[in-house]
1. Tell me which residues, restricted to segment 1-18, are open to solvent by 70 Å² or more (accessible area, probe 1.4 Å) and either modelled with pLDDT of 95 or more or in a loop (DSSP other than H, G, I, E, B) (or both).
2. Suppose the filter is under 19 Å from residue 344 (Cα atoms), among the acidic types (Asp, Glu) and touching a residue at least 40 places away in the same chain (Cβ under 8 Å); does residue 302 pass it?
3. Being of a type outside the set (D, E, K, R) and more than 32 Å from the chain's Cα centre (by Cα) is the filter here; which residues of segment 135-157 pass it?
4. Only residues in segment 271-297 that are within 14 Å of residue 344 (Cα to Cα) count as the first member; pair them with residues that are aromatic (Phe, Trp, Tyr), Cβ under 6 angstrom, at least 6 apart or cross-chain, and list the lot.
5. Of the residues 190, 278, only one is closer than 30 Å to residue 361 by Cβ, surrounded by fewer than 16 Cβ atoms within 10 Å (Cβ to Cβ) and in contact with an Asp or Glu (Cβ under 9 Å, 6 or more places away or on another chain); which?
6. Which pairs have Cβ atoms under 6 Å, sit 6 or more apart or on different chains, and link a residue in segment 369-398 that is under 14 Å from residue 197 (Cα atoms) to one that is modelled with pLDDT under 85 and open to solvent by 80 Å² or more (accessible area, probe 1.4 Å)?
7. Give me the residue from segment 397-414 that is in a loop (DSSP other than H, G, I, E, B) and either among the aromatic types (Phe, Trp, Tyr) or modelled with pLDDT of 80 or more (or both) and, out of that set, least open to solvent (accessible area, probe 1.4 Å).
8. Out of (1) open to solvent by 30 Å² or more (accessible area, probe 1.4 Å); (2) within 27 Å of residue 58 (Cα to Cα); (3) touching a residue at least 40 places away in the same chain (Cβ under 8 Å), what's the single condition that is false for residue 107?
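The values are calculated or read from the model by the stated rules, or taken from the named source; none is laboratory data. This is a predicted model, so every value here is computed, not measured. Cβ: placed from backbone, ideal geometry, glycine included. Neighbour counts: every protein chain shown. We work out accessible area using only protein heavy atoms, side chains counted, and drop any ligands, DNA or RNA first. Shrake-Rupley method; radii C 1.70, N 1.55, O 1.52, S 1.80 Å.
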Amino acid sequence: MVVIGNPPYSKHSANKGKWIRDLVREYYEVDGKPLGERNPKWLQDDYVKFIRFGQHRIEQTGFGILAFITNHGYLDNPTFRGMRQQLIRAFSEIYILDLHGNSKKKETCPDGSPDKNVFDIQQGVTLGVFVKNKEDAGQAKVYHADLYGARKDKYNILSCNSIKTTKWEMIQPCSPYYLFIPQKRELWDEYDKHIKATEIFPLNAVGFQTHRDYLVLSPNREELDNRITDFIDASKTDDEIREKYFSHISVGKYAKGDTSDWKLSNSRRKLGKIKKLESWITKCIRRPFDFQWYFFHPAAVDRGRPIITNQLIYYPNLALLWTRPMSPKYEFSSFCATCAVDQSVVGNKAVGAGGTYVGPLYLYPERNEENLFEDSPWPAGQDGRVPNLSPEVVEEFANKVKFEFVTDGVGCTGSA
C-alpha cells in the first residue's frame, strides 16, 4: 500500500465525518494521558486527517509507504506531540525533509539570506515519508534534513536527489514532546529543571480573540460606544451595517463578516436587548503599552475567555503574561497586566511567536461559569478570593528565598 499526495491545509476542516474524527482522537493522547490542550483545534486540520487516513490504510495492509508534502507545523508544535508519538509507533522509518519557506515565522536561511516557499503560500511545508516494513515492529527510526534557499534552487535539489542521496541526520524524538526536529540534548536536563509557567498558575489560558477587532476595539471609549450603538440601530438594515463595518472582508469563506459561529443578524438582535451597553465596555491591553477600550459581550466576540478575563475586568487583580514560541526566531517574552488581555500582547500565533498566555494572581468566586474553588488548597480571603498559585511551587520558592508565605485574610503574602 502506497499513499502519496499533497493534502489540503485547512484548520476549518470540511471533513467532519465521525469516522475520521474518531481516528484522529488517537492523536489527542501522549504517553497514555490526555494532551491537556485547552484548544487542540489544530489537530482537526485537513492535512492531519489525511495523514491519519494514510496511516490507517497502511495499518490495514500491514506494510507500505505514506509520502505527503504538508504544512510543517506538526514537526515541532506542542499540540502535535501525541500525533508524533503515534506516527513513531506506527512506522518503521520516518524521513522528514523540512522545506521551510514559512513567511509567517519570518524564516530565513542559516546565513540570513531569504528563504522561499516551494508553493505560493505563507505556510512552511515539509516532505514526510513514513515507511512501515512488514517484519518490523517497535519504535521508528527518525531521520531529518533541512532545505533552505530560493524556490528554483529547492526545485533543482528535489529533482536531482532521492532518499538515498539526501544527507540525513538521525534524531531521537522522546517524551514529552517527541519533536521531529534536531535538539540540543545536552541542554535538555538543565531546561527540564525549571518550573513551567502553567505549573505556577493552575488556571491559565490564551488571551481573548475577538475575530472582529475593527468592531469591538478602539483607543477612544466614546467612539467605541457610538460604534456599538450604531451597530444595533434598528432603523438600519443588516445590509447597511454589513457594508459599513464589514465591506473590507470581500473574499473568502467568511466574506462580509459572517462565520460558522457568528452571524451579524443574530448579534444585532441579541445586543439590541441590552439596556446598558456601557457596562460591557472595559479597558484592555492589545499590544505592549497599547491600552484600548474593549466591548466584550459574547454576542460580539468569538473567544472572550470569560473564565480568565472576568477575573481581570471585575476585580482588582494582577496577571502574568507569557509566550509559547513556535519558532526559534522568537524568544520567550513576559509582561504583566491588570486588565483584559488580547492574545497578541507579547505573542502572536499568526507569525509563529505563540499566543499570549494569561495567569491571574487571584481567583474570585463570582462571575465564574465553573467552580474554581472546589479543590483549592488555599483558604479564602475576606473577599472570597484565593491565590491562583500552586502550593508546591510556593513552597519551593519560599524555601529557596527563605520567605514564609501566610494567608492574611485577603490572600497569600510573603514575609522574610
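1. 1, 2, 4, 6, 11, 12, 14, 16
2. Answer is yes for this residue.
3. Within segment 135-157, the subset of a type outside the set (D, E, K, R) is 137-140, 142-145, 147-150, 155-157.
Matches in segment 135-157: 137, 156, 157.
4. 284/294; 285/291
5. On the way: 190 fails: in contact with an Asp or Glu (Cβ under 9 Å, 6 or more places away or on another chain).
None of the others qualify; the one that does is 278.
6. Taking only residues 6 or more apart or on different chains, the pairs are 391/377.
7. At the first step, the residues of segment 397-414 found to be in a loop (DSSP other than H, G, I, E, B) are 402-403, 408-411.
Next, only the ones that are either among the aromatic types (Phe, Trp, Tyr) or modelled with pLDDT of 80 or more (or both) stay: 402-403.
Values: 402: 161, 403: 88 Å².
Only one residue fits best here, namely 403.
8. Status for residue 107: all satisfied but (2).
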